[in-house]
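Just so it is clear, none of the values below were taken in a lab; they were calculated from the coordinates. It should be emphasised that the depicted structure is a prediction, and the values quoted were computed from it without experimental measurement. We place every Cβ from the backbone using ideal geometry, glycine too, and count neighbours over all the protein chains shown.
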Amino acid sequence: MIVQPAKRIRGNITVPGDKSISHRAAMMAALAEGASHLTNYSTSADCAATLSCLRHLGVRIERTGNEVTIFGVGPDGLRAPDAPLDCGNSGTTMRLLAGILAGCDFESTLTGDESLRSRPMQRIIEPLEMMGAQISSNEGRAPLRIQGRNSLRNIDYELLVASAQVKSCILLAGLNAEGETMVIENEVSRDHTERMLKLFGANIESGRPFRERESTRFAAVAGPTKLMAHDISIPGDISSAAFFIAAATLLPGSSLEISDVGLNRTRTGFMGVLNGVGLMEDIEVTERANEPVGTVQVAGLPQLLPLPDRVGSPLSLSGTTISQVIDELPLLAVVGSQIKGGIEIRDAKELRVKESDRISTTVENLRAMGAQVEEFDDGLRVNGPTKLRGAKIDPHGDHRIAMAFTVAGLLAEGETEIADAECVAVSFPEFFELLESVIE
């Protein structure tokens, strides 16, 4: 894909359904009793992989575009697949399904593409084995062969790394456990699973603190439990909207409205960061399907501003902030190249085990565009402001890298070529077409 410099971003758009919510809605609808109708289901390849796996587990699914009807099989209705379940590139599919399959009295295998098979799975293997499942793996990586049991042990488990996927895996396994299964986390992660389980009728509690430990929060589900079908209108994906928000913020004279987008507080941390370099004009929030939904309006400033207390030092992102902006960190590195003092990202080692090594890939491509970047084991530092130059970008098959550097290409001098641009279909197949509709 060839990206030309842009003058501004203008328009009113909606983005496809939220990936995280779509995965969870499909899985819980499959486990529920009755038929659930999902509207605005994500068009991503990742969420299509979830539907495919559920079909191979005996779930009847009807789909027309982004409208999906799932005929739930109830708590004991999944059947043993006749072949390995292909999760494609989707870590969410693999980790959450592992929790469900741990509570099924049959053997199944979860696999995926080369990237997914390289990602760490020991973080879910350990708690699921504590609950009574038997799991074999390739040294803690996929393929995962799971021998489940229909009555698991309940556990209290403290997360070793902030991960909504690991938390969700354990909570879904807890649906088939005797008693209360509790997950304790030291950093706030996405809470879509807790919200969705409550919507489908599970007995779930969540909050903070955990006992006397003020810095922690917990989520606990009581099992065994039955879920009941529920119709859901899925909000737009804020992680997809982020690329448009950043582009509009960075291009002077821009004016963009994104409507019907999910505004869960565990997903909007990047907007707080962008407030320092742009203008979030207005956010209107309502509630739908137990999730905050609203409209975001963005206008580009005539000149990017440093944060008042930085005085030219790098904008620093670290600690508990990282889990709140993990998907947007490559994009924020691009933003950092445009602000006075640049940006420094630390405590983000988790980026090295995503679809690509997102630290090294971001560093490599920013340098190709003329930015001065220092790489750390757990992050990077980008000098700014820098006038980027067009370059050939290699996203290493990573959808978020491809989209982040498309935004960079809009700011650069000369054309930018995004190699392997079709990788955006993993999360946002309409990305380039929608972007083209608002570029001036």
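For region 61-84, taking the residues that are in contact with an Asp or Glu (Cβ under 9 Å, 6 or more places away or on another chain) and in a strand (DSSP E or B), the one that is surrounded by the most Cβ atoms within 10 Å (Cβ to Cβ) is identified as Ile70.
Regarding region 405-417, can at least one residue be identified that is in a loop (DSSP other than H, G, I, E, B) and under 22 Å from Leu315 (Cβ atoms)? Among the residues of region 405-417, at least one is in a loop (DSSP other than H, G, I, E, B) and under 22 Å from Leu315 (Cβ atoms), which makes the answer yes.
So, Ala371, is that one out of contact with any strand residue (DSSP E or B) (no Cβ under 7 Å at 6 or more places or on another chain) and buried (at least 23 other Cβ atoms within 10 Å of the Cβ) or not? Judged against the criteria, Ala371 is not a match. Among the residues of region 335-357, those that are hydrophobic (A, V, I, L, M, F, W, C), within 19 Å of the chain's Cα centre (by Cα) and not in a strand (DSSP E or B) comprise Ala348, Leu351, Val353. Taking Asp18, is it surrounded by 24 or more Cβ atoms within 10 Å (Cβ to Cβ) and of a type in the set (Asp, Glu)? Answer is yes for this residue.
Matching residues to (1) under 25 Å from Phe244 (Cα atoms); (2) in a loop (DSSP other than H, G, I, E, B); (3) polar (S, T, N, Q):
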{"residue": "His23", "(1), (2), (3)": "yes, no, no"}
{"residue": "Ala35", "(1), (2), (3)": "no, no, no"}
{"residue": "Thr43", "(1), (2), (3)": "yes, yes, yes"}
{"residue": "Thr50", "(1), (2), (3)": "no, no, yes"}
